[in-house]
Each structure stands twice: as structure tokens, then as C-alpha cells.
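The values are calculated or read from the model by the stated rules, or taken from the named source; none is laboratory data. In this text the structure is predicted, and so the values were computed from the model without any measurement. Positions of Cβ are backbone-derived with ideal geometry, glycine not excepted, and every protein chain shown enters the neighbour counts.
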Amino acid sequence: MSSTSCRVLVFPSSEELGPSLARFISARAKLALASSRGRFSLGLSGGSLVSMLSQHLPTLPSLDCSKWLVGFCDERLVSFEDPESTYGLYKSQLLSKINIPETQVLAIDPALTVDEAAKDYAHKLSEAFPNEEIPAFDLLLLGMGPDGHTCSLFPEHPLLEEKQLTVAPISDSPKPPPQRVTLTLPVLNSARCIAFVSTGGSKAPVLKHVLEGGEGPAMPAARVRPSPGELLWFVDEAAAASLTRSVERPSAGAVL
């Protein structure tokens with residue numbers, strides 16, 4: 001990935017990063033709502049993002065989510081009551097605290113087989129984005145694993161080459177649970193904006209590899225290059241410790 005292909009925003013810690021990310025999401029929502037689309041489509045990822053967003057988004061003044069459409073970038077095929085369920089965590093920690101209608105939250109059907117769950121979720125996306133062959137979210141929030149995976153797209157996995165499906169099943173995830181449903185690279189790269197969030201010193205080596213290149217094939221996160229959309233990385237100082245490329249260090253309260 002070229003050093004000029006994205007913005008890298010570095011914050012002193014995840015505690016400072018969280019409020020800035022929340023304000024960024026709110027600003028993007030206002031832009032989308034002011035457009036001809038008249039709604040804001042947001043794709044969420046799990047992991048540490050759940051607690052970060054749940055802590056900071058509901059505290060924003062005058063936050064109105066009534067015209068938001070929320071989907072999930074990937075999901076584990078478990079019941080919503082299972083602590084591994086990304087939707088289940090967001091429902092209890094965030095969605096219950098904001099004014100988004102339940103009909104505007106797109107989730108998988110965990111009662112289906114993994115193949116049928118992927119088809120069902122793809123159908124829900126096609127209904128939500130009726131005029132788009134490939135759904136174009138206004139904003140996708142992505143994380144990155146220590147192996148460079150994002151969503152449920154893992155290194156050297158055949159799904160990295162998927163060109164036709166918008167949503168794919170995976171039954172052999174190297175990270176448990178093995179059965180998952182994930183957006184594919186064509187959907188990620190059709191987004192109007194993508195924001196990766198990566199924190200902690202353990203992410204420093206892989207972040208350097210993704211943003212500055214290295215030996216071997218490109219990691220999955222490095223293959224996320226929305227065109228003509230925007231790509232941003234929200235990282236803390238610990239994760240950015242090995243970077244040599246230019247970065248931005250926004251001041252507190254800065255508009256991003």
C-alpha cells in the first residue's frame with residue numbers, strides 16, 4: 001500500500017481515539033443525510049470497537065440515528081445470546097441506547113446453515129441497496145487481527161479472491177468459531193469511506209507491514225482499497241510505533 005493512499009491518524013491512546021472516532025462517525029452521518037440518499041449506511045465490526053463505540057457514540061449531543069441503516073461487516077454463526085455474537089453485543093451495549101429502528105438493523109439469521117445465512121444476509125443487503133449491484137456503504141468500520149485479517153477474510157484464504165458474491169460463508173475460520181458470514185472485498189472496496197481502528201503495541205508489526213509493505217503476499221487488510229472512496233486508519237501511538245511513513249496527530253476536538 002502506498003504511503004499516500006490513505007490518512008493515518010495517530011492518537012496518544014485508545015482513550016483519546018474513541019471520542020474522535022465517534023465525532024467522525026457523526027460528521028459522516030450528517031454528510032450522508034444531507035445528500036440525495038437521505039440516510040446513513042454504516043457497517044460495524046466487532047472486537048474492541050463494540051465497547052469503544054458503545055461508550056462514546058451515545059454521549060454525543062443531539063445524536064439522531066433515526067435515519068441510519070446499520071449492517072455488520074462479518075458475524076459468527078452463533079445465537080444472538082452467545083457472547084461471541086457481534087450483533088448481540090451491539091444490541092445490548094449500543095443499539096439499545098440510540099434511536100435506531102430495529103427494522104433498520106441488518107443481521108444474519110443464526111438459525112440457518114452457514115451457506116443459507118450468507119445468502120439470506122446478501123438478500124437483505126440487496127433489498128436495502130436496491131439500485132446497487134454491489135452495496136456501497138457510506139462508512140465501514142473495520143478492525144485488524146495480528147495476522148492482518150479483517151472481517152473474516154484471512155491470509156491466504158480463497159475468499160480473498162471472491163469476485164461475485166457480496167456476502168460469503170466461511171466454515172474453516174482459523175480463528176474460532178469456525179463458521180462465519182463475511183462481506184467480501186468487492187463490497188469493502190465499494191464503500192464511500194472506510195475507517196480501520198487498530199490499537200495496542202501488539203499491532204505495531206502488522207500495521208507497518210500493511211501500510212508500508214513487506215515480504216510475502218499482501219495481508220488481507222492491505223487489500224482494502226476503496227475506489228473512489230476514502231481510507232483512514234485510527235490508531236494509537238503504541239500501534240504506530242514502527243511506522244516510518246507520514247502520519248497525522250489530530251489535536252483534541254479536531255474535525256477530521
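Only one of these is surrounded by 20 or more Cβ atoms within 10 Å (Cβ to Cβ), at pLDDT 95 or above, touching a Ser or Thr at 6+ places or on another chain (Cβ under 8 Å) and of a type in the set (A, V, I, L, M, F, W, C): 21, 94, 77. Name it. It is 94.
The numbered conditions (1) in a strand (DSSP E or B); (2) under 23 Å from residue 112 (Cβ atoms); (3) not basic (Lys, Arg) are all true for residue 140 except (2). Take the conditions (1) of a type outside the set (S, T, N, Q); (2) at pLDDT 95 or above; (3) farther than 26 Å from residue 52 by Cβ; residue 203 misses just one of them, which is (3). Checked against (1) part of a helix (DSSP H, G or I); (2) in contact (Cβ under 8 Å) with a residue 24 or more places away in the chain; (3) out of contact with any His (no Cβ under 6 Å at 6 or more places or on another chain), residue 18 passes all but a single condition, namely (3).
Only one of these is among the aliphatic types (A, V, I, L, M), crowded, with 19+ Cβ neighbours inside 10 Å and in contact (Cβ under 8 Å) with a residue 24 or more places away in the chain: 63, 9. Name it.
Values: 63 fails: crowded, with 19+ Cβ neighbours inside 10 Å.
Sole residue among the options that is among the aliphatic types (A, V, I, L, M), crowded, with 19+ Cβ neighbours inside 10 Å and in contact (Cβ under 8 Å) with a residue 24 or more places away in the chain: 9.
Selection of region 92-123 for residues being touching a strand residue (DSSP E or B) at 6+ places or on another chain (Cβ under 8 Å) and closer than 12 Å to residue 69 by Cα yields 95, 100, 104, 105, 106, 107. So is residue 150 in contact with a Pro (Cβ under 9 Å, 6 or more places away or on another chain), of a type outside the set (A, V, I, L, M) and at pLDDT 95 or above or not? Criteria met by residue 150. Could we say that residue 84 is closer than 24 Å to residue 219 by Cβ, surrounded by fewer than 22 Cβ atoms within 10 Å (Cβ to Cβ) and touching a Lys or Arg at 6+ places or on another chain (Cβ under 6 Å) here? Against the criterion (closer than 24 Å to residue 219 by Cβ, surrounded by fewer than 22 Cβ atoms within 10 Å (Cβ to Cβ) and touching a Lys or Arg at 6+ places or on another chain (Cβ under 6 Å)), residue 84 qualifies.
Table: residues versus (1) outside any loop (DSSP other than H, G, I, E, B); (2) touching a strand residue (DSSP E or B) at 6+ places or on another chain (Cβ under 6 Å); (3) in contact (Cβ under 8 Å) with a residue 60 or more places away in the chain.
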| position | (1), (2), (3) |
| --- | --- |
| 147 | no, no, yes |
| 155 | no, no, yes |
| 159 | yes, yes, no |
| 165 | no, no, no |
| 175 | no, no, no |
| 178 | no, no, no |
| 181 | yes, yes, yes |
| 186 | yes, no, no |
| 191 | no, yes, yes |
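Residues in region 102-124 that are of a type outside the set (Gly, Ala, Ser), free of Cβ contacts under 8 Å to residues at least 60 places away in the same chain and not in a loop (DSSP other than H, G, I, E, B): 102, 103, 104, 105, 115, 116, 119, 120, 123, 124.
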